[in-house]
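Taking it in order: structure first as structure tokens, then the write-up.
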Amino acid sequence: MSESDAQAVLRLERVGRVHGGGAGEVSALREVDLTVRAGEFVAVMGPSGSGKSTLLALAGGLDRPTTGRVLVEGVPLDGLSRRRLADVRRRSVGYVFQDYNLVPALTAAENTALPRELDGASARTARREALAALTELGIADLADRYPDAMSGGQQQRVAIARALIGERRLVLADEPTGALDSATGDAVLEVLRGRCDAGAAAVMVTHDPAHAAWADRVVFLRDGRITDESVQPRIEALR
């Protein structure tokens, strides 16, 4: 195994995803190859319908490819049982959903702590880690508030905290700054950038070139294919 392969946290190999059949068949992704290594922050851009969210869903094991395979830390997701796949998603992958997916009956701290409790961490340990994640996102004061008492931007930051709790090696974020003002969005991107600098890998879907500028690499999708990608220099003024 090469050093490059050993550092790969996420690999998509000739991945395709087809929805429907016959006259209604839609190819959401077409033969996509993508490798994201430890410490790398990748932004995915493209027009609506280009396959960005499908790529994230496949990368996180929320959907299965029609062709090709997806590997997280060298483990092919297609060969896993449903239970083992759920374990990998919970322990290795942090997913920021575009619609937040918070549990309405749980507080911000409880929503954030949920993955750790499912991993078997004690309630005390999980809450301590949740409070640390909420503090990192600047919303520790929301710890005991329920989702219906939060703004959309506050819910989005709780969802990000939930994705970052624990030792997640791969963070997948679908428009994580969509409901945030520019200053708060930059603060969130700084947190994601810091996680990558500490050794995690991140893939972020965004429509905003200013937010993509935080990434090490930008991948462009169109009609389900990667049409271009660019490696970006580190611009310290953005950090």
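Here the accessible area of the chain is 49 percent carbon and sulfur, with a 1.4 angstrom probe and all protein chains present. Once the Cα atoms are used to define both axes, helix 182-197 deviates from the longest principal axis of the chain by about 70 degrees.
Proximity of backbone amide H atoms, modeled 1.01 Å from N, is registered between MET204 and VAL42, ALA43, VAL44, ALA173 at under 5 Å, excluding neighbours fewer than 5 places apart on the same chain. Normalised per residue, the accessible area of the chain is 47 Å², obtained with a 1.4 Å probe and no contribution from ligands, DNA or RNA.
Note on the chain: with a GNM built from Cα contacts shorter than 10 Å, the maximum mean-square fluctuation among ALA28, ALA108, ALA149 falls on ALA149.
Using only Cα atoms and rounding to the nearest 10 degrees, what angle (0 to 90) does helix 123-136 make with the longest principal axis of the chain? Rounded to the nearest ten degrees, it is 80. At the residue level, ARG169 shows approximately 80 square angstrom of accessible surface with a 1.4 angstrom probe and all protein chains present. Centroid-to-centroid, using Cα positions, the range 127-199 and the range 11-32 are 32 Å apart. Computed on the Cα atoms alone, the convex hull of the chain gives a volume of 138 cubic angstrom per residue. The Cα atoms of the range 20-140 give a gyration tensor whose axes a ≥ b ≥ c have a/c of 1.5 or more with a/b greater than b/c, which makes the shape prolate.
Computed from backbone phi, the HN-Hα couplings of the range 79-90 come to x, 8, 5, 4, 5, 5, 4, 4, 4, 5, 4, 6 Hz, rounded to whole numbers (Karplus: 6.51 cos²θ - 1.76 cosθ + 1.60, θ = phi - 60°; Gly and Pro given as x).
The values are calculated or read from the model by the stated rules, or taken from the named source; none is laboratory data. Here the structure is a predicted model, which means the values were calculated and not measured. For the accessible areas, the whole protein counts, side chains as well, though only heavy atoms, and no ligand, DNA or RNA atoms are used. Shrake-Rupley method; radii C 1.70, N 1.55, O 1.52, S 1.80 Å.
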